[in-house]
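Enquirer: Take a look at this one; I'll ask things after.
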């Protein structure tokens with residue numbers, strides 16, 4: 001009786017690939033999580049002492065987040081949710097950049 005040594009590796013790679021596919025596929029649950037994360041980052045950055053550059057970044061992140069919410073609300077296809085995810089991640093990055101150049 002021969003044991004297939006490569007079988008656990010194949011299962012691990014397959015399950016990892018499926019998990020990656022599930023994480024990348026845009027859907028409404030991912031969008032709502034990213035929107036909440038962006039809102040938290042904006043609130044954190046807004047609570048700091050902001051320089052003019054950081055203030056402009058926070059304002060831009062708020063506008064980008066509103067665009068993400070519009071995509072989320074009117075989402076009918078995967079592209080709408082993909083745009084929502086992209087904009088929410090962009091808003092979060094802008095808010096985090098503002099927090100990085102600001103004083104606590």
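Taken together, the values in this text are just the output of simple stated rules run on the coordinates, not laboratory data. Fair warning: this is a prediction, and the values are worked out from it, not measured in the lab. As a convention, Cβ positions derive from the backbone with ideal geometry for all residues, glycine included, and neighbour counts pool all protein chains shown.
Enquirer: Does region 81-98 hold any residues that are surrounded by fewer than 20 Cβ atoms within 10 Å (Cβ to Cβ) and over 14 Å from the mean Cα position of the chain (by Cα), and which are they?
Expert: Answer for region 81-98, where residues must be surrounded by fewer than 20 Cβ atoms within 10 Å (Cβ to Cβ) and over 14 Å from the mean Cα position of the chain (by Cα): just 97.
Enquirer: Okay, next question. Could you please give the count of residues in region 70-85 that are within 13 Å of residue 32 (Cα to Cα) and in contact (Cβ under 8 Å) with a residue 12 or more places away in the chain?
Expert: Residues meeting the conditions: 8.
Enquirer: Got a number for residues in region 53-80 being closer than 10 Å to residue 98 by Cα and exposed (fewer than 13 other Cβ atoms within 10 Å of the Cβ)?
Expert: 1
Enquirer: Please go through region 36-52 and pick out each residue that is assigned to a loop (DSSP other than H, G, I, E, B) and surrounded by 13 or more Cβ atoms within 10 Å (Cβ to Cβ).
Expert: Kept after step one, since they are assigned to a loop (DSSP other than H, G, I, E, B), are these residues of region 36-52: 47-48, 50-51.
Within region 36-52, 48, 50, 51 meet the criteria.
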